[in-house]
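Chemist: Here it is, the structure in full.
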Amino acid sequence: QSMAFQLPELGILSLAMMITLISGGLNLAIISTANLCALAMAYILTKFVPGSEGFAWVAWQVIAVMAGLAVAAVIGLLNGFVIAYLGVSPILATLGTMTMVKGISIGMTRGNVISGLPDPILFLGNGTVFGVPTAMLIFAAVAIPMAIMLGRTPLGTAIYMIGSNEQATRFSGIDTKRVILKIYLISSLLAAVA
């Protein structure tokens with residue numbers, strides 16, 4: 001049970017890295033993206049949830065989660081655009097993004113800890129459902145669709161093809177730039193979930 005509490009976060013981050021590696025790329029900004037998304041969510045949760053009641057209490061928590069996913073989407077689209085359309089090497093592009101995002105995170109917190117998150121959010125990391133840690137259930141809810149997407153969809157096939165030979169994939173009629181944009185978007189969204 002202790003392992004089931006600790007490892008799902010690493011598992012989701014591994015899925016985020018895996019999708020870029022399969023495509024022949026790399027995403028060094030995964031941890032920084034996860035941190036900035038968590039900070040964006042925590043800022044909203046600690047600023048607006050305390051003192052709100054009823055529908056507003058639930059709405060602010062949903063807004064916080066959506067804000068974290070929006071931050072991840074922006075970072076993923078930025079990485080994907082720089083790599084696919086500007087032709088920058090994935091290692092250089094994501095290294096630059098990682099440094100930028102890390103700087104924004106440190107600037108937001110000034111190195112301080114954010115605490116006082118609402119109970120439903122704490123339950124996601126610390127709770128159990130019928131003895132199974134919630135984090136493990138979230139990992140399963142992410143890993144199963146990822147496996148289906150990679151193994152059974154045209155996007156998954158395109159990702160594998162790009163990793164094998166990007167030029168041949170482009171010549172076969174697949175819009176490789178669009179697929180690469182999607183790869184880095186999915187990678188960043190997975191980081192936000194972690």
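The values are calculated or read from the model by the stated rules, or taken from the named source; none is laboratory data. Quick caveat: nothing in here was measured; it's all calculated off a predicted structure. Positions of Cβ are generated from backbone atoms using ideal geometry, with glycine treated the same way; all protein chains shown enter the neighbour counts. Ligands, DNA and RNA are excluded from the accessible area calculation, which covers all protein heavy atoms including side chains. Shrake-Rupley method; radii C 1.70, N 1.55, O 1.52, S 1.80 Å.
Chemist: Does segment 159-194 hold any residues that are more than 14 Å from Ala34 (Cα to Cα), assigned to a helix (DSSP H, G or I) and open to solvent by less than 70 Å² (accessible area, probe 1.4 Å), and which are they?
Modeler: Ile159, Met161, Ile162, Gly163, Ala168, Thr169, Thr176, Val179, Ile180, Leu181, Ile183
Chemist: Report whether or not Leu45 is part of a helix (DSSP H, G or I), out of contact with any Gly (no Cβ under 7 Å at 6 or more places or on another chain) and surrounded by fewer than 16 Cβ atoms within 10 Å (Cβ to Cβ).
Modeler: Answer is no for this residue.
Chemist: Please go through (1) closer than 18 Å to Ser23 by Cβ; (2) over 20 Å from the mean Cα position of the chain (by Cα); (3) open to solvent by 70 Å² or more (accessible area, probe 1.4 Å) for Val88 and return the number of the only condition it doesn't satisfy.
Modeler: Every listed condition holds for Val88 apart from (3).
Residue-wise test of (1) closer than 25 Å to Ile174 by Cβ; (2) polar (S, T, N, Q); (3) without any contact (Cβ under 8 Å) to a residue 12 or more places away in the chain.
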{"residue": "Met66", "(1), (2), (3)": "no, no, yes"}
{"residue": "Val71", "(1), (2), (3)": "no, no, no"}
{"residue": "Gly76", "(1), (2), (3)": "yes, no, no"}
{"residue": "Ala84", "(1), (2), (3)": "yes, no, no"}
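Chemist: Residue under question is Asn35, and the condition is that it be of a type in the set (S, T, N, Q) and open to solvent by 40 Å² or more (accessible area, probe 1.4 Å); does it hold?
Modeler: Here the answer is yes, as Asn35 does meet what is asked.
Chemist: Could you list all residues from segment 16-29 that are more than 11 Å from Val193 (Cα to Cα) and either without any contact (Cβ under 8 Å) to a residue 40 or more places away in the chain or assigned to a helix (DSSP H, G or I) (or both)?
Modeler: Met17, Met18, Ile19, Thr20, Leu21, Ile22
Chemist: Let me ask something else about it. Filter segment 94-151 down to residues that are assigned to a loop (DSSP other than H, G, I, E, B), touching a residue at least 24 places away in the same chain (Cβ under 8 Å) and within 24 Å of Ala4 (Cβ to Cβ) and give me whichever is least open to solvent (accessible area, probe 1.4 Å).
Modeler: Pro118
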